[in-house]
Amino acid sequence: MNITYNCIVVLNKKRTASLFCIRKKDPYKGLYNFVGGKREPGESPEEAAYRELLEETGIGRDQIRLFRLMDLRYYFQGFTLEIFAGRLTEDAALTEELNPLVWLPLSEDFTDREKFAGEQNIAHIMNVALKCPEI
């Protein structure tokens, strides 16, 4: 059975920082990760990304345009990550659902395994997102 999750790269309006959550549970408890969640049955990938973004951060569709960046399929673990990215069109007040939210500068070392979840996938995803002129 393949479960589908999404991860969302959110850049601030000035494109100087990215939004991260600090995971409160395993896997990767205590590490920085992108916001996101599980796609529900019948939901399109885009609907799921916007819903999870709103639930976890309070950022609504009117404050950001998300682009489908890539998908990562983990065959042995039985899940797919749908990666979205976007830049805020205005400053947004954040509302935390479960995990604390923080803005980190783009100068951060996203390969640091002591700080970031995902076996260095975050660095790869950030590099690809920052090359997209729409974001």
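The values are calculated or read from the model by the stated rules, or taken from the named source; none is laboratory data. The model shown is predicted, which means the values in this text are computed figures rather than measured ones. Ideal geometry is used to build each Cβ from the backbone, glycine not excepted, and the neighbour counts take in all protein chains shown. Side chains included, ligands, DNA and RNA excluded: accessible areas come from the protein's heavy atoms. Shrake-Rupley method; radii C 1.70, N 1.55, O 1.52, S 1.80 Å.
I'd like the full set of residues that are among the aromatic types (Phe, Trp, Tyr) and in a loop (DSSP other than H, G, I, E, B), limited to segment 76-123.
Passing the criteria: PHE76, PHE110.
Failed condition for MET126, given (1) open to solvent by 40 Å² or more (accessible area, probe 1.4 Å); (2) of a type outside the set (S, T, N, Q); (3) assigned to a helix (DSSP H, G or I); (4) closer than 14 Å to PHE34 by Cα, with all others met?
(1)
Looking only at segment 49-63, decide whether some residue is open to solvent by less than 60 Å² (accessible area, probe 1.4 Å), of a type in the set (A, V, I, L, M) and assigned to a strand (DSSP E or B).
No: segment 49-63 contains no residue that is open to solvent by less than 60 Å² (accessible area, probe 1.4 Å), of a type in the set (A, V, I, L, M) and assigned to a strand (DSSP E or B).
Residue by residue, here is whether (1) within 15 Å of the chain's Cα centre (by Cα); (2) surrounded by 13 or more Cβ atoms within 10 Å (Cβ to Cβ) holds:
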| residue | (1), (2) |
| --- | --- |
| LEU81 | yes, yes |
| THR89 | no, no |
| LEU98 | yes, no |
| VAL102 | yes, yes |
| ASN121 | yes, yes |
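May I ask you to verify whether ALA117 is touching a Leu at 6+ places or on another chain (Cβ under 7 Å), closer than 21 Å to ARG73 by Cβ and of a type outside the set (Phe, Trp, Tyr)?
Taking the combined requirement at face value, the residue satisfies it.
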